[in-house]
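Asker: This is the structure I want to talk about, given as structure tokens.
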Amino acid sequence: MSKINRPISADVSEPPAGLWSNCLVVDGIAYLSGMTARDKSMQPVGGLDEYEQAKIIFGKLKGMVEAAGGAMADIVKLTIFVTDISKRELVWRARRESFTGDFPACSLVQVAALADPSINVEIEGVAHIGASRA
């Protein structure tokens with residue numbers, strides 16, 4: 001029987017109980033919840049463009065996947081949500097700075113809104129822990 005592991009990272013604030021888990025790992029696959037540019041008190045970091053928000057988010061994804069025992073290279077799938085598709089180049093720039101080698105499979109989707117009006121980017125992912133070392 002598979003066991004669910006819930007890693008915790010010092011780089012990512014834990015949500016209030018009963019809402020969601022930042023990451024769950026089952027059979028070596030890490031499911032990373034949508035991350036946004038929020039501070040340690042879960043408040044949106046204001047005044048940042050899509051590039052700066054994406055850099056913060058990729059840092060959080062890195063912290064979560066490392067807490068699960070993996071590395072950024074283990075991330076195999078990303079879904080990126082943006083509120084303004086015309087700013088996609090800013091998000092792509094942050095992605096290029098965050099990955100090397102084979103980039104994850106990725107979808108980029110424009111949405112009408114995210115959890116707060118100052119949040120313009122949300123990114124979720126799937127990682128196969130240890131796959132990049134195999």
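Asker: Consider Leu32 against the criteria (1) part of a loop (DSSP other than H, G, I, E, B); (2) within 21 Å of Leu78 (Cβ to Cβ); (3) not acidic (Asp, Glu): it satisfies all of them except one. Which criterion is unmet?
Answerer: (1)
Asker: Shifting gears a bit: Tell me which of these Ser9 doesn't satisfy, since it passes every other one: (1) modelled with pLDDT of 90 or more; (2) closer than 19 Å to Ala94 by Cα.
Answerer: (2)
Asker: Taking segment 57-87, which residues are under 11 Å from the mean Cα position of the chain (by Cα), of a type in the set (A, V, I, L, M) and either surrounded by fewer than 18 Cβ atoms within 10 Å (Cβ to Cβ) or outside any helix (DSSP H, G or I) (or both)?
Answerer: From segment 57-87, those under 11 Å from the mean Cα position of the chain (by Cα) are 57-65, 72, 75, 77-81; that's our starting set.
When the remaining residues are screened for being of a type in the set (A, V, I, L, M), the result is 57, 61, 64-65, 72, 75, 78, 80.
Answer for segment 57-87, where residues must be under 11 Å from the mean Cα position of the chain (by Cα), of a type in the set (A, V, I, L, M) and either surrounded by fewer than 18 Cβ atoms within 10 Å (Cβ to Cβ) or outside any helix (DSSP H, G or I) (or both): Ile75, Leu78, Ile80.
Asker: Still on this structure: Show the residue pairs meeting these rules: Cβ distance below 7 Å; 6+ apart or different chains; first residue within segment 1-22 and on the phi < 0 side of the Ramachandran plot and in contact (Cβ under 8 Å) with a residue 40 or more places away in the chain; second residue among the aliphatic types (A, V, I, L, M) and assigned to a loop (DSSP other than H, G, I, E, B).
Answerer: Between residues of segment 1-22 that are on the phi < 0 side of the Ramachandran plot and in contact (Cβ under 8 Å) with a residue 40 or more places away in the chain and residues that are among the aliphatic types (A, V, I, L, M) and assigned to a loop (DSSP other than H, G, I, E, B), the close pairs are Pro7/Ala68; Asn22/Val12.
Asker: If I go through segment 90-130 residue by residue, how many of them are touching a helix residue (DSSP H, G or I) at 6+ places or on another chain (Cβ under 9 Å) and without any contact (Cβ under 8 Å) to a residue 60 or more places away in the chain?
Answerer: 18
Asker: Can you name the residue in segment 104-134 that is under 22 Å from Ala30 (Cα atoms) and exposed (fewer than 15 other Cβ atoms within 10 Å of the Cβ) and is also modelled with the lowest pLDDT among such residues?
Answerer: If we take residues in segment 104-134 being under 22 Å from Ala30 (Cα atoms) and exposed (fewer than 15 other Cβ atoms within 10 Å of the Cβ), then Ala134 is modelled with the lowest pLDDT.
The values are calculated or read from the model by the stated rules, or taken from the named source; none is laboratory data. As the structure is a prediction and not an experimental result, all values here were calculated from the model. Backbone-built Cβ (ideal geometry, glycine too); neighbour counts: all protein chains shown.
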